[in-house]
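A short reminder: the numbers here are calculations on the coordinates, not readings from a lab. It should be emphasised that the depicted structure is a prediction, and the values quoted were computed from it without experimental measurement. As a convention, Cβ positions derive from the backbone with ideal geometry for all residues, glycine included, and neighbour counts pool all protein chains shown.
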């Protein structure tokens with residue numbers, strides 16, 4: 001086919017905002033009574049590498065920010081920010097198209113870790 005049948009696609013703000021091109025969002029907020037932001041940050045920091053390796057999420061980079069009690073995680077399958085505050089953790093993630101079908105598995109893994117680590121039996 002000649003080029004006139006295939007329109008050129010322009011990269012515009014509108015195209016980037018298109019829901020078909022956007023990554024799937026995942027947000028979760030968990031209350032953990034009686035724990036300070038520092039305690040939560042320390043526990044997460046200790047378990048994060050092991051958790052991501054067990055979850056088979058491929059290669060990833062973790063940026064730790066102890067001052068803000070925050071983690072930024074980047075991989076080809078997702079990007080996420082985890083914030084620890086007094087008695088609460090909040091996770092904001094964007095999943096790639098390849099990771100979207102495993103969203104429930106990701107959520108189940110987090111629930112198991114929370115239950116085991118903090119004796120919580122809370123659903124998302």
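Need one word for region 51-118: rounded, prolate or oblate. Basis is the Cα gyration tensor (sqrt eigenvalues a ≥ b ≥ c); a/c below 1.5 gives rounded, then a/b vs b/c decides.
oblate
So, in nm, how far is label residue 38 from label residue 86 when the simple model puts each one 7 Å beyond its Cα toward the Cβ?
1.3 nm
Once Rh is set to the Kirkwood radius over Cα pairs, what Stokes-Einstein translational diffusion coefficient, in µm²/s, holds for region 79-124 at a temperature of 20 °C and a viscosity of 1.002 mPa s? Spell out each step's value before the answer.
Working: Rh = 11.8 Å.
Reported coefficient: 182 µm²/s.
May I ask you to compute the full-extension gain from residue 27 to residue 46, defined as 0.36 nm times their residue separation minus their alpha-carbon distance, rounded to one decimal in nm?
Full extension of this stretch gives 4.6 nm more.
Please compute the modelled spin-label separation between residue 67 and residue 116, points set 7 Å along Cα→Cβ, answer in nm with one decimal.
Using points 7 Å along Cα→Cβ, the separation is 3.4 nm.
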